[in-house]
Amino acid sequence: MLHRRIYQFLIIYAIGLGLLLALKYGLNLSDYVIPSPDEIVRTCRTYGGPYLLAVLNTLAVAVLGHILSICLATVVAVIGRLTAWIGSFIRTAAYNIQAYPIVAVAPIIFILLGDGLQSRLLIAAMICYFPLLLSFIGVFSEPIREIEHFYESTGRMTWRLQVKIRAFENIQKLTTVIVGSATMAMVGTIVAEFIAATAGIGYSIRIALYQSDLAKILVALFLIGVGTSLYLVSLEWAGNALQKRLKSL
Amino acid sequence: MPIEGRHISYRYPNAAGEVFADLNFRMDGPGFHALFGPSGVGKTTLAKMLSGTIRGFEGTIADDGVRRVLYTYNLERLPGWSNVRAHFEEIAPLAGRRRMEELIETFGMEANVGSRFHRLSLGQQNRANLIRYLLQDFDLLIMDESLANVDEFTREKIILKVKILFPDRCFLYISHNVAEVAKFCSQVLVLRSRSRSPQLVAVQGCDHRESAESDPGLLERAMLEIVHAA
């Protein structure tokens with residue numbers, strides 16, 4: 001059975017494609033502007049395989065970047081909870097940096113690091129890092145007084161225990177934020193590839209754009225949608241399994 | 001180990017009025033004492049002052065010989081990643097394992113310690129919370145509504161057993177139950193509203209113990225005194 005995320009995407013994709021075709025036939029546009037269904041199917045058969053590999057390549061970079069930003073956000077949030085002023089400083093800095101479009105910094109990264117894996121990874125991580133950080137700081141800075149009181153008053157509280165309590169109590173919130181930021185990691189990677197990289201589905205879209213080949217772009221979008229949905233489904237599944245396990249223990 | 005508060009005045013930051021103005025009290029030695037009074041008069045505030053959570057008040061609290069004060073309240077929770085017994089074992093010193101079993105039995109928790117805290121009823125949760133505090137090293141344990149939602153029979157059994165198990169420790173029991181504080185506590189500190197003077201009045205309780213016969217006349221008098229003072 002298809003997961004709801006996947007069939008939601010399929011429905012949206014079908015509606016979008018239907019609108020495009022309605023526009024094509026309603027305004028009598030040529031196949032050069034909007035390809036016919038035959039052309040789209042032909043392109044899918046020809047480029048489906050290579051594009052699928054490109055999507056997997058992009059997905060791998062997005063997952064790596066996502067993991068990197070989760071780890072980094074956890075470390076910074078754990079440090080940020082130490083004192084009120086460090087937490088406040090990190091939170092303010094994160095808000096300000098988040099307000100700045102990271103994509104605008106991407107050319108600098110490509111100039112400095114080249115158009116290889118590092119640049120794509122860094123941009124993907126940067127795009128999903130700040131929303132993650134803000135949520136993580138919120139979670140790790142907020143005391144769970146009714147649990148922590150005992151450990152504080154008996155002198156048993158350690159930083160590991162404090163982090164464990166706060167993470168455990170907010171596991172649902174953390175899972176939701178991680179799933180939400182996964183889309184941003186994927187978007188960041190594709191945008192990075194689109195700007196300057198030489199691999200991934202973003203790069204393929206750039207080539208298709210230069211060729212004004214909308215059929216290729218539609219095929220790429222379809223595969224991106226399915227790939228992203230599958231990643232989100234996996235994360236949701238892992239999050240639910242973790243929560244279920246913690247509750248049943 | 002008497003605990004004596006002198007000329008205590010306190011106002012919460014940004015609050016309009018003072019909670020206490022020139023408050024004086026004295027608790028004599030080990031035993032089961034009570035802090036009684038209507039809601040909002042400052043029972044929890046005074047408890048937090050005694051435990052050192054609230055500082056920066058005027059006046060002094062002299063507690064010579066009281067090394068460790070613990071404060072527990074009825075909304076506390078145990079972490080959810082292990083069952084209640086595993087949690088007790090984690091926080092109880094090895095030497096205190098026998099006492100742990102004894103407390104589990106007295107508190108009527110044998111059938112529940114294998115469960116997670118969130119699966120327990122409110123009364124069971126409060127009992128589990130109190131057990132873990134009793135397993136700690138303390139000189140004064142402040143129990144802020146710690147036996148709320150526990151039935152009367154079990155509450156009585158628990159208080160009497162605690163008196164037997166910890167004869168050399170001091171307990172300050174915060175409760176709204178007049179009959180209970182009058183019956184089981186040796187000294188009842190009745191805290192009154194800020195407009196009344198003195199703000200705290202000490203009433204002698206019956207200090208009922210397991211082996212002793214209770215005197216209904218004495219209990220009635222203590223209850224009347226408490227109600228009158230409040």
Legend entry - Cα pair distances in chain B, grouped into 10 Å bins until the bin that holds the longest one, percent each: 8, 32, 35, 20, 5, 0
Inset, instruction - For the pairs A:Lys24/A:Lys216; A:Lys164/A:Lys244; B:Lys163/B:Lys183; B:Lys43/B:Lys183; A:Lys173/B:Lys48, note any where the Cα-Cα span goes beyond 23 Å. - result: A:Lys173/B:Lys48
Legend entry - Local electrostatic count at B:Glu180 - Lys and Arg +1, Asp and Glu -1, tallied over other residues with Cβ under 10 Å: 0
Legend entry - Intensity falloff of the stretch A:10-71 expressed as log10 I(q)/I(0), Debye formula with alpha-carbon point scatterers, at q = 0.17, 0.22, 0.26 Å⁻¹: -0.76, -0.93, -1.04
Inset, instruction - Take each of the peptides A:178-185, B:148-155, average the number of other beta-carbon atoms within 10 Å over its residues, and list them starting from the highest. - result: A:178-185, B:148-155
Inset, instruction - Counting helices only, and only those DSSP H runs with n ≥ 4, report the 222 nm mean residue ellipticity of chain A as the sum of -39,500 (n - 2.57) divided by its residues, in deg cm²/dmol to the nearest 500. - result: -28500 deg cm²/dmol
Legend entry - Dipole-positive endmost among A:Trp85, A:Ala208, A:Gln243 within chain A (Cβ charges, Cα centre): A:Gln243
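Could you work out the relative contact order of chain B? I mean the mean sequence separation of Cα pairs under 8 Å and 6+ apart, divided by the number of residues, in percent. Don't skip to the answer; put the middle values down first.
On the way: 427 pairs, mean separation 59.2, N = 230.
Computed over chain B, the figure is 26 percent.
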Inset, instruction - Keeping every protein chain in place, order B:Trp81, A:Trp159, A:Trp237 by accessible area at 1.4 Å, biggest value first, i.e. largest first. - result: A:Trp237, A:Trp159, B:Trp81
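Taking beta carbons within 10 Å but only from partner chains, what does the mean come to for residues B:205-218? Intermediate results must be reported in sequence, preceding the final value.
Numbers: counts 0, 0, 0, 0, 0, 0, 0, 0, 0, 0, 0, 0, 0, 0.
For peptide B:205-218, the averaged partner shielding equals 0.
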Inset, instruction - Give the span of the protein assembly as shown's Cα atoms along each principal axis, as three whole-Å numbers ordered largest to smallest. - result: 103, 46, 46
Inset, instruction - DSSP loop (so not H, G, I, E, B), at most 12 other Cβ within 10 Å: list which GluC sites (Glu not before Pro) in the stretch B:161-230 pass both filters. - result: B:Glu210, B:Glu213
Inset, instruction - Can you tell me the 0 to 90 degree angle between the C-alpha axis of helix B:152-165 and the longest principal axis of chain B, rounded to 10? - result: 90
Legend entry - All Cα pairs of the stretch A:47-248, percent lying beyond 27 Å: 39
Inset, instruction - For the stretch A:47-248, report the accessible area per residue in Å² (1.4 Å probe, heavy atoms, rounded to an integer). - result: 47
Inset, instruction - Grab every C-alpha pair in the stretch A:89-209, bin the distances at 5 angstrom width from 0 up to the longest one, and report whole percents. - result: 2, 11, 17, 15, 14, 12, 9, 8, 5, 4, 2, 1, 0, 0
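The values are calculated or read from the model by the stated rules, or taken from the named source; none is laboratory data. Small disclaimer: the values here were computed from a predicted structure and weren't measured. Methodologically, a virtual Cβ is constructed for each residue, glycine included, from the backbone with ideal geometry; neighbour enumeration extends over all protein chains shown. Side chains included, ligands, DNA and RNA excluded: accessible areas come from the protein's heavy atoms. Shrake-Rupley method; radii C 1.70, N 1.55, O 1.52, S 1.80 Å.
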